[in-house]
Amino acid sequence: MFYIISINYLLQFILIFIYIFPTYTTVEPKLELVFLNGLNVIRCSDKQVQVYENSDKFLTDILTCDNKDDIYTHNYAGFNWTELTLICASDDSTVHEEQIIKIKQYGTKYSQIPNNVESQLSRSGPLYQWNVQHDTSSQSDILKSNEQDVNNTYFDPSTVPGERRIYIWFPGNGIICRLIFTSNQPDPCPSMHNQIVNDVKYACYYNPGAGGEPTIEEMEAELEQVENEPRPPGTDTKYISYL
């Protein structure tokens, strides 16, 4: 079932899309890498965005934008977010994250996550890299973040419980993803050492026609509208038209 947002509701956000979002041009490159679980928002054009969440279906089953054949390759690579684990150093001075990503659908270009994964902690945090390790036996990739000093603010003290936001880019793919998890502790060591985080919220924003990598501000503006829009009863997929 699809859900069309009312014209009155959409008019409140027209200026946001005019002034914040980059102009959607002819779509090059096409989407070759997508995530199949979590919240996913795909900017199809200046006037259309596709939203799907927590679906095990492949993208071809749920993407219904008018120009769907122009924004992704038919032989795309599909991945699922799985376990996120925190690992503390032996002296609890530093910590890093390990995110397992499982391949679900092979593509012509990608059978694993590309190695040049970039990340940023919060909107103002420093950029850092993830080391990608490939496990062919389980068809999974393990992303290991750089070490983080636990003396730095690890979970946002302005939220209760403390919130940690991580933004991840996969350069060359027009994708930005966001991981959010929380803790009641001021830092994760040693209380969260080597424990799977159960409350991770995954979201990705795709804009293949923008001609560059999506920014944190663009993603947050799109997701804020989607997350605040009431869900139709009994549905987990929405089609939004800005016409």
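Key figures
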quantity	calculated
Residue list for the stretch 122-149, filter: assigned to a loop (DSSP other than H, G, I, E, B) and under 18 Å from C204 (Cα atoms)	S122, R123
Qualifying position, being polar (S, T, N, Q) and outside any loop (DSSP other than H, G, I, E, B), among S119, S90	S119
Residue in the stretch 79-92 that is surrounded by the fewest Cβ atoms within 10 Å (Cβ to Cβ), counting only those that are over 16 Å from G38 (Cα atoms), touching a residue at least 60 places away in the same chain (Cβ under 8 Å) and not charged (D, E, K, R)	A89
Extreme residue, surrounded by the most Cβ atoms within 10 Å (Cβ to Cβ), among residues of the stretch 93-121 that are of a type in the set (D, E) and closer than 14 Å to C177 by Cβ	E97
In the stretch 106-152, residue nearest to G174 (Cα to Cα) [restricted to those that are among the aromatic types (F, W, Y) and touching a residue at least 24 places away in the same chain (Cβ under 8 Å)]	Y110
Scope the stretch 196-236; condition assigned to a loop (DSSP other than H, G, I, E, B), in contact with a strand residue (DSSP E or B) (Cβ under 9 Å, 6 or more places away or on another chain) and modelled with pLDDT under 75; matching residues	E229, R231, P232, D236
Test set (1) of a type outside the set (D, E); (2) in a loop (DSSP other than H, G, I, E, B); (3) modelled with pLDDT under 85 - Y239 fails condition number	(2)
Looking only at the stretch 131-151, and only at residues there that are out of contact with any Asp or Glu (no Cβ under 9 Å at 6 or more places or on another chain) and closer than 16 Å to L86 by Cα, the one that is surrounded by the most Cβ atoms within 10 Å (Cβ to Cβ)	N146
Residue list for the stretch 38-87, restricted to those being among the hydroxyl-bearing types (S, T, Y), over 30 Å from P188 (Cα atoms) and either modelled with pLDDT of 80 or more or in a strand (DSSP E or B) (or both)	S45, Y52, Y72, T73, Y76
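The values are calculated or read from the model by the stated rules, or taken from the named source; none is laboratory data. Quick caveat, the model's predicted, so the values are computed rather than measured. With ideal geometry, Cβ positions are generated from the backbone for all residues, glycine too; neighbour counts draw on all protein chains shown.
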